[in-house]
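Data block below; observations after.
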Amino acid sequence: LNWVLKDALGKMARMLWASQMGRRFDSDAKRWRFRASLLFAVGNFLEILTYMMPQLFLLWATLANCCKQIAMLTSSSTRTSLYNSFRDGTRENIGDITAKGEAQIAIVDLLGIASGVALSKSVVGTAVSSVVLTYLGLQAMEIFCMYHEIRSVQFRVLNFERLEQIIRNFVRAQPRPLISSSPKITNNKLNGATSGGTTTKHGTPNGEESPVPTPEAISNNERIFWPPKHLSRRALAFGSLGRAKLSGQELERLLKIFENDRFLLVVGPNMKKPKLRNLFSKPSIQEYCHIVLHEDASNADIVKSTLALTILREKLCLLKESKRPESEDSWEDIRSQHCWDILEATQSECNQFFPQFLRELSSRTWSPPSRFMFGRVHKRAQWPLKTSKSSSS
């Protein structure tokens, strides 16, 4: 009965995990594959505990089976995305790649079984201390190899984390207007912020290396276990109209500025979760802006809106550096109505740089936007679109 119960509970945990997490695997395959290997290692250790504490067999065996079922589901769900990274792009040979990969897995499993039998007879024996020490040593080696194996995988299909890194490099390499007049803080509000005048150049002049990193460069800098950096998180970049509690006048002006796009840029603190992060660290001014997608926005619109958001973040940083207010808390009151000129300049520069950015992506062998994997962006809004021109054209 104990064996039946542990297997049944493990299958239930697997189904629950698939229903809750299934949509996250495609857009973040490397991170979830590595986490699956860690979870499988935990399951193996819990199985050893059943040998050490047989009176709690059902508890440890059930927890171990749940961990291993979740790990196996996550591993199998991310495997196709990892296999796709080995395609050369000239033919549809994913079946051939998958067959070779599964054959290698079978060979390694057989070698592992043979090695385990040999070690148990000649070295480990049945002593608990020997079993635990051998497990820890072999598991550390496996995690080390898995980390470098995942690190070596190079995706040419962008998720939001890779896209944000690439766009940040691209924007900082472009000549763009600086904030020419200093901001004035009056009654905790920004006034007199304009753009134009001086121009700065970040990056390399024409004719030198592209500011867009290659898939290899991005792969070498990707986080494998930890979540993306704060500004690279999709939940921070995309939000709803209600996050900053826009007034009617602000919404009307934003719709006018972005009338040819399927997105809006909103400036303002998160009013739904006010000062949540202040408990641990003071938020950056770059966190006080986000994207609101139209319900018909495509992948190309997401790329363009991310480009616009990065430009806006850079401008807000320049605005803050041009003249610091007496109180840092004054910046927490910045809203869209205080920086219309910056939003208009951002929209104009985004239109200017977007075609060039797509060309740079293609030249660096990145896949086109239609193949990008951003996951589902739930927070979208509906407003009348201007039919004569669209952002995705």
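The values are calculated or read from the model by the stated rules, or taken from the named source; none is laboratory data. A quick note: this is a predicted structure, and the numbers were derived from the prediction, not measured. With ideal geometry, Cβ positions are generated from the backbone for all residues, glycine too; neighbour counts draw on all protein chains shown. In case anyone asks, the SASA skips ligands and DNA or RNA and just uses the protein heavy atoms, side chains included. Shrake-Rupley method; radii C 1.70, N 1.55, O 1.52, S 1.80 Å.
Key figures
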item: Under 17 Å from residue 272, Cα to Cα: aspartates and glutamates that are on another chain or at least 8 residues apart; result: 287, 332, 333
item: Hull-based mean projected area of the stretch 1-105, where the convex hull spans the alpha carbons, in square nanometres; result: 7.7
item: Additional length obtainable on full extension of the chain from residue 99 to residue 385, 0.36 nm per residue less Cα span; result: 98.2 nm
item: By accessible area with a 1.4 Å probe, ligands and nucleic acids excluded, highest first: order of 147, 135; result: 147, 135
item: Cβ-derived FRET efficiency at R0 25 Å, residue 256 paired with residue 359, nearest 0.05; result: 0.25
item: Links that overshoot a 22 Å alpha carbon limit, given the list 256/315; 30/68; 6/100; 256/304; result: 6/100
item: Spin-label model distance (nm) - residue 223 vs residue 38, 7 Å beyond Cα toward Cβ; result: 1.1
item: Largest to smallest accessible area among 52, 373, 21, 12 [probe 1.4 Å]; result: 12, 52, 373, 21
item: Using a Förster distance of 41 Å, the FRET efficiency for residue 352-residue 72 (Cβ separation, nearest 0.05); result: 0.25
item: Kirkwood hydrodynamic radius (C-alpha pairs) into Stokes-Einstein, the stretch 83-169, 25 °C and 0.890 mPa s, D in µm²/s; result: 148
item: Residue 349 - accessible surface, heavy atoms, 1.4 Å probe, Å² rounded to 10; result: 10
